[in-house]
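Please read the structure below before turning to the comments.
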Amino acid sequence: MKTHHYILITTVLFVILFYEQDLGLNLGILGVLYTVLTFFKTNEKNKTLTFNILTATSILSSFAFAWYGDFSSFIALVSSLLLLGYKSRNRKMKPLFLIPVFVVNGFTSICRIFNFDAWLPKKNVSGLWQKILAFILIPLVLLSVFCGIYAAGSDHFAAFFTDYELDINLWQVFCLTVLGFVIAFNYWNYAVERLIYKIHHVLDNDFQEKDRIQKATYSFLDLDAERMSGIISFLLLNILLVFFIITYNYEQFYETLKTPAQLSEETHERVGSVIMSIIMAILVIMFYFKSGFNFDPKAGTMKILAKIWIFLNAILVLSAGAKNYEYIINYGITYKRLGVFAFLLLSLTGLVLTCIKIQKKKRNAFLFNTMAWYLYGTILACSYINWGGFITSRNRERKDFVITYHFDSVNFSESALLKYANEKKDSQLKKNVLKKINKEKSRTFLSGILYYETLKD
């Protein structure tokens with residue numbers, strides 16, 4: 001099949017799946033269909049290990065959205081499909097260019113859609129598809145568009161269609177067709193601008209030969225002075241960080257106990273300071289090791305000091321993680337407290353990658369390229385796991401378990417709440433939970449969320 005066939009098929013499927021439906025199982029089905037079609041459309045040379053992994057994660061993300069239907073699974077599905085479509089045509093392109101490519105295509109798609117010669121087949125002889133397009137599809141589309149416009153402006157004209165047994169919302173069909181076509185067109189027929197190809201080398205992980213030449217970064221500072229500046233800076237920063245770690249841990253673990261509200265506020269403030277410290281540490285190392293000093297035989301001392309600084313920052317991250325764990329032990333699990341662990345883990349990953357960058361003499365782009373994949377992995381983890389159910393099942397064992405919070409503010413906690421209601425013989429809680437479940441089950445099939453279909457009394 002050609003590109004226009006894929007666009008036509010996925011547009012029709014979009015209309016069928018979303019007509020008179022809410023967002024739910026239908027988007028998961030559409031995600032699976034897009035993934036399967038992408039796999040068969042992709043050339044064998046582009047079916048790399050990365051592409052195959054993205055195919056698997058796209059399928060899993062589609063199932064995750066069909067199961068949960070929440071925002072995190074939606075982001076996972078969209079990012080997986082975009083990466084899959086991107087890698088199916090550009091196996092060597094870095095994932096960081098994904099955002100500018102699809103943003104630019106979103107603005108230029110209107111012009112590209114009407115450039116029919118660029119994406120429709122060029123044929124001078126008549127054929128079956130040509131006749132269907134000319135004699136059936138184009139007239140039907142035009143007829144549907146104007147019927148929808150006229151029906152919106154005249155009740156009597158609209159009644160001419162609605163009085164029959166075949167009651168079709170033409171305006172909705174038209175809107176879904178346009179939206180489905182735009183999505184399909186930008187997915188199957190996106191364009192990568194020449195400028196992006198020209199600057200693609202900027203995100204290479206490894207240095208080129210010309211970058212290995214020893215030269216000063218600035219004209220007003222020679223190489224020896226810049227090297228000494230780095231040594232002094234890292235030495236002073238290490239000393240400062242040692243004192244900060246001592247005071248930080250003293251405040252966290254040895255000061256008098258505070259109220260839960262004060263402790264929560266201080267914990268998040270300190271974690272924010274730790275994360276900002278890690279970001280600044282990585283930026284400083286990126287500044288000094290952006291080019292020449294990676295290959296400077298005299299920069300051994302500066303590399304050792306930089307690695308010590310990375311190690312001390314890692315201790316700072318572990319200290320913050322230990323305090324957050326103590327906070328969870330005392331007051332239970334929440335989304336924010338789990339989020340703190342996620343941010344700290346990403347920060348620790350960034351430090352490890354920074355150490356690898358120094359050790360293996362990688363460019364700064366190596367950090368961005370690699371962290372983009374770790375961020376994508378974090379999104380997948382957020383969407384595949386029922387964190388709400390995990391939070392509720394753990395917290396319901398506590399004496400200070402707050403039912404209203406877990407019922408109103410924690411997603412997909414119904415299964416754990418039902419178990420809790422049965423254990424405590426709380427009939428009112430069970431009634432409220434079942435009412436919430438039955439409301440979700442009352443959705444139509446394509447709008448449904450599979451998670452609620454598996455719940456029983």
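The values are calculated or read from the model by the stated rules, or taken from the named source; none is laboratory data. As the structure is a computational prediction, the values presented were derived from the model and not from experiment. Every residue, glycine among them, receives a Cβ derived from its backbone with ideal geometry; neighbour counts consider all protein chains shown. The area values use the complete protein model at the heavy-atom level, side chains included, leaving out ligands, DNA and RNA. Shrake-Rupley method; radii C 1.70, N 1.55, O 1.52, S 1.80 Å.
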Study note, to complete from the structure: Among Val410, Val402, the single one that is under 32 Å from the mean Cα position of the chain (by Cα), open to solvent by 60 Å² or more (accessible area, probe 1.4 Å) and β-branched (Val, Ile, Thr) is Val402
Check your understanding: Is it the case that the range 363-378 has a residue that's within 28 Å of Leu84 (Cβ to Cβ), charged (D, E, K, R), touching a Leu at 6+ places or on another chain (Cβ under 9 Å) and surrounded by 17 or more Cβ atoms within 10 Å (Cβ to Cβ)?
Key -> yes
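Hey, among Ile356, Ile308, Ile385, which residue is free of Cβ contacts under 8 Å to residues at least 12 places away in the same chain and more than 24 Å from Asp206 (Cβ to Cβ)?
Values: Ile356 fails: more than 24 Å from Asp206 (Cβ to Cβ); Ile308 fails: free of Cβ contacts under 8 Å to residues at least 12 places away in the same chain.
Within the list Ile356, Ile308, Ile385, the selection yields Ile385.
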Review point. Which of the residues belonging to the range 306-338 are β-branched (Val, Ile, Thr), within 30 Å of Phe401 (Cβ to Cβ) and part of a helix (DSSP H, G or I)?
Key: Ile328, Ile329
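Okay, residues lined up against (1) modelled with pLDDT of 95 or more; (2) in contact with a Phe, Trp or Tyr (Cβ under 6 Å, 6 or more places away or on another chain); (3) among the hydroxyl-bearing types (Ser, Thr, Tyr); (4) outside the structural domain of Ala184 (by the TED database):
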{"residue": "Thr11", "(1), (2), (3), (4)": "no, yes, yes, no"}
{"residue": "Glu20", "(1), (2), (3), (4)": "no, no, no, no"}
{"residue": "Ile29", "(1), (2), (3), (4)": "yes, no, no, no"}
{"residue": "Val32", "(1), (2), (3), (4)": "yes, no, no, no"}
{"residue": "Val36", "(1), (2), (3), (4)": "yes, no, no, no"}
{"residue": "Phe40", "(1), (2), (3), (4)": "no, no, no, no"}
Point to revise | helices (runs of 4 or more DSSP H) wholly inside the range 413-456 that include at least 3 residues being surrounded by fewer than 17 Cβ atoms within 10 Å (Cβ to Cβ) | key: 414-424, 427-441
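Return the residues of the range 437-456 that are in contact (Cβ under 8 Å) with a residue 24 or more places away in the chain and either within 29 Å of Tyr331 (Cβ to Cβ) or among the aromatic types (Phe, Trp, Tyr) (or both); say none if nothing qualifies.
Within the range 437-456, Phe445, Tyr451, Tyr452, Leu455 meet the criteria.
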Check your understanding: Does any residue in the range 293-304 that is open to solvent by 70 Å² or more (accessible area, probe 1.4 Å) come within less than 8 Å, Cβ to Cβ, of a residue that is among the aliphatic types (A, V, I, L, M) six or more places away or on a different chain, and which pairs are these?
Key -> Thr301/Ile231
Exercise for review: Can you confirm whether the range 94-108 contains a residue that is open to solvent by 40 Å² or more (accessible area, probe 1.4 Å) and farther than 30 Å from His201 by Cβ?
Suggested key: no
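To keep it simple, each residue is scored yes or no on (1) among the charged types (D, E, K, R); (2) assigned to a helix (DSSP H, G or I); (3) closer than 30 Å to Tyr197 by Cβ; (4) touching a Gly at 6+ places or on another chain (Cβ under 9 Å).
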site: Gly28; (1), (2), (3), (4): no, yes, no, yes
site: Tyr34; (1), (2), (3), (4): no, yes, yes, yes
site: Phe65; (1), (2), (3), (4): no, yes, no, yes
site: Ser80; (1), (2), (3), (4): no, yes, yes, yes
site: Leu83; (1), (2), (3), (4): no, yes, yes, no
